[in-house]
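Engineer: Pasting in a structure now, in structure tokens, and then I'll have a few things to ask.
The numbers here are math on the coordinates, done by the rules we state, and not lab data. Fair warning: this is a prediction, and the values are worked out from it, not measured in the lab. Positions of Cβ are generated from backbone atoms using ideal geometry, with glycine treated the same way; all protein chains shown enter the neighbour counts.
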Amino acid sequence: MAPQYKLTYFDIRGLAETIRYLFKYGEIEFEDVRIKHENWPPLKDSTPFGVLPILEHNGKVVGQSIAIARYLGRKVKLAGENEWENLEIDAVVDTLNDMKSKLSAIFAEKDEAKKKVLIEAVKKDTFSFYLPRLEAIVKKNKGYFALGRLTWADFYFATVSPAYDLVTGEDILASYPNLKSVREKVNALPAIKKWIEVRPKTDF
């Protein structure tokens, strides 16, 4: 029987990896469609808003990686038990997304000298502002981002935080043991550990 879900993204971890983690954690079968960047232009207009990833299910198609992750987080019981708890999770994820968005210019910059300036600015203005606050949140929540237990916010962090090291060439979480522990705990979950071992090898 064919999987009920079809996830389409580029052949990288990127914005789709949180979704893949959640599918694997929940033992939900899905079709992991990976397209090459050179094959993307003719497919772009066939997507809801011209971006990936997209998720297809029962003849319906949706985009937006965080919305998809939120849906799956609820499905695999990694969400809150009421509206306020879900708000706490969403607030963390949106904050992490705000921080991630500030890295986009670095990925896009081709000039190495300009890229170096951008990296130093991110380290000074972004990481130094956000990471101590996030570290405190995790410490307060008994080693997790929200509710004192594992939620999909932890999965989101585990899959986006490698970008911090990728853009800087440094171990950005070295001074933040609680944050580092979140990523390690998620990646050590049996289903996630197995996925990491077998997933396609990509830079990010």
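Engineer: Please work out how much length the chain gains when fully extended from Glu112 to Glu197, using 0.36 nm per residue of separation minus the C-alpha to C-alpha distance, in nm with one decimal.
Structural biologist: 27.3 nm
Engineer: Scaled to the compact-protein estimate 2.2 N^0.38 Å, what is the alpha-carbon radius of gyration of the stretch 83-188, rounded to two decimal places?
Structural biologist: Working it through for the stretch 83-188, the quotient is 1.09.
Engineer: Taking H placed 1.01 Å from N in the peptide plane, check which residues at least 5 places from Arg149 or on another chain put their amide H under 5 Å from its amide H.
Structural biologist: For Arg149, whose amide H was placed from the backbone, there are no distant partners under 5 Å.
Engineer: Mind pulling up the Rg/Rh value for the stretch 11-116? Radius of gyration and Kirkwood radius, both on Cα.
Structural biologist: Rounded to two decimals, Rg over Rh is 1.01.
Engineer: If you take every DSSP beta bridge whose two residues both sit in the chain, what share of them, in percent to the nearest 5, is antiparallel?
Structural biologist: Here the share of antiparallel DSSP bridges comes out near 60 percent.
Engineer: PRE reach from Glu56 (point 7 Å along Cα→Cβ): which of the stretch 15-35 fall under 17 Å by backbone N?
Structural biologist: 29-35
Engineer: Calculate the all-directions average of the projected area of the chain's alpha-carbon convex hull, and give it in nm².
Structural biologist: One quarter of the hull surface, i.e. the mean projection, equals 12.4 nm².
Engineer: Also: Per-residue ellipticity at 222 nm for the chain, helices alone: DSSP H runs ≥ 4 residues times -39500 (n - 2.57), over residue total, nearest 500 deg cm²/dmol?
Structural biologist: Helix contribution divided over all residues of the chain: -15500 deg cm²/dmol.
Engineer: Exactly which GluC sites (Glu not before Pro) in the stretch 1-82 are in a DSSP loop and have at most 14 other Cβ atoms within 10 Å?
Structural biologist: Glu27, Glu29, Glu81
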